[in-house]
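Student: Just passing along the structure, written as structure tokens.
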Amino acid sequence: MSYISWFADVGLADRPHVGGKGASLGELHGAGIAVPPGFIVRTSAFERFLAAIEVDCPVRGQIESLDAEDLCAVTACCAAMRSRLQEAPLPAEVRGEIESAHAELSAAHGKALAVRSSATSEDAADASFAGLQDTYLWVQDLDQTVRKVRSCWASLYSVESVAYRRRRKLPEQAVAMAVVVQTMVDARTAGVMFTRSPTTGDRSVITIEGAWGLGSAVVGGEVTPDRWVLSKVTGDITVRDISDKAIRHAPAVSGGIETRPVEEELRRAPCLSDEQLQTLRGIARRVERHYGCPQDIEWALERASGEVLLLQSRPETVWSSRQAAPVARPAGNPLTHVMSVFGGRR
């Protein structure tokens, strides 16, 4: 297949063809870390789709001509682009490969699907697109999957994403969209964890945040999660902040997700046991060792089996970028720095 790859076939080196999210999931799978099974609609499918659309009118050229500060022009252009991409039919060969992969995944696992944008420039250490493209949960059949793939492609032309690229003057030819299609996790509990403290930058700890239900409520900021801080080496739990978790995200009968109230007896109860926290700590350490740098990880605890599955792992960027920035301009003559230090001590 020229438009589809399975997780087992890709890794980080394939980012230009499967995007940041797809490359990360393939890399995790190859490292023996459990992820929900799935496939990736490669950037070649996006390029083929875009080429068919651009027969009538260019897309990338119009985006590159925009002034990032002209919000009205950016908004109008993005609305037109998204409408074009969401309404245009898929080339027959692209749809055919998606249908075949969907049938294979459904036959093997028979679950609802998550359809997730995977831009080629997202989750890089120097430029993160995280959160700027769309994700669709609990997608229930082939027709919905095809529509959501097209919507993911269209989300590359959201106002936020386009404005971000224009401010950074990123060439549009270097930006493409792959799409991850994977089985949904019916999560009892889900959340995020960081292999360095997001508040202090301390690399000796792991911070774990979680809440009841699907992780979209945590990632979207709709619920204040429970939070624990653990020693990376010893596993000692030094912080336990248990919140009042009033709502959770759960699958809706007709597809997608809905917000439900959390049962009263669970609202103020910790959503993870100490044993589960140690399991997550062990997984976080494995992932960080594999990548060789601090990670920002999304995880879910499967309701029926209790298995921990990772939905994403990307480089931590906040503290890493601070450390990468020089604290002072280097002096041409090293003595200049020495003299300035001693000259100030009077």
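Bear in mind these aren't lab numbers, they're just calculated from the coordinates by the rules spelled out. Just so it is clear, the model here is predicted, and its values are computed rather than measured. FYI the Cβ positions are ideal-geometry reconstructions off the backbone, even for glycines, and counts take in every protein chain you see.
Student: Quick one: what does P(r) look like for the range 187-324 with 5 Å bins over all Cα pairs, in whole %?
Tutor: Pair shares across the bins are 2, 11, 20, 23, 20, 13, 7, 3, 1, 0.
Student: What is the dipole size for the range 187-324, taken about its Cα centre, with +1 at each Lys and Arg Cβ and -1 at each Asp and Glu Cβ, in debye to the nearest 20? Before the final figure, lay out the partial values.
Tutor: Details: 18 positive and 19 negative charges, 85 e Å.
With only Lys, Arg, Asp and Glu charged at Cβ, the dipole is about 400 debye.
Student: Fewest first, what order do Trp319, Trp153 take by the number of other Cβ atoms within 10 Å? Could the numbers behind the result be given before it?
Tutor: Values: Trp319 18, Trp153 28.
Final ranking by Cβ density, sparse to dense: Trp319, Trp153.
Student: Quick check on the exposure proxy: order Leu85, Leu50, Leu266, Leu25 from fewest to most C-beta atoms within 10 angstrom. Mind showing how you got there, number by number?
Tutor: Numbers: Leu85 22, Leu50 19, Leu266 12, Leu25 29.
In increasing order of surrounding Cβ atoms, one gets Leu266, Leu50, Leu85, Leu25.
Student: Now for a different question. Express the relative contact order of the range 187-324 as a whole percentage, based on alpha carbon pairs under 8 Å and six or more residues apart in sequence. Don't skip to the end; give the middle numbers.
Tutor: On the way: 282 pairs, mean separation 35.6, N = 138.
Relative contact order here is 26 percent.
Student: Mind putting a number on the dipole of the range 4-183 about its Cα centre? Charges go on the C-beta only, +1 for Lys and Arg and -1 for Asp and Glu, and I need it in Debye to the nearest 20.
Tutor: In debye, rounded to 20, the range 4-183 gives about 200.
Student: With only alpha-carbon atoms counted, please give the Rg and Dmax of the range 42-187, in Å.
Tutor: 15.6, 49
Student: Something else about it: Report the net charge of residues surrounding Leu113, where surrounding means a beta-carbon distance below 10 angstrom and charges are Lys +1, Arg +1, Asp -1, Glu -1. Intermediate results must be reported in sequence, preceding the final value.
Tutor: Details: positive: Lys111, Arg116, Lys148; negative: Asp141.
Counting the neighbours of Leu113, the net charge comes to +2.
Student: How long, wide and thick is the chain, going by the Cα atoms along their three principal axes, in whole angstroms, largest first?
Tutor: For the chain, the Cα extents along the three principal axes come out at 75, 57, 38 Å.
Student: Can you find, among Ser204, Thr259, Gln278, the residue sitting farthest towards the positive end of the charge dipole of the range 187-324, where Lys and Arg contribute +1 and Asp and Glu -1 at Cβ?
Tutor: Ser204
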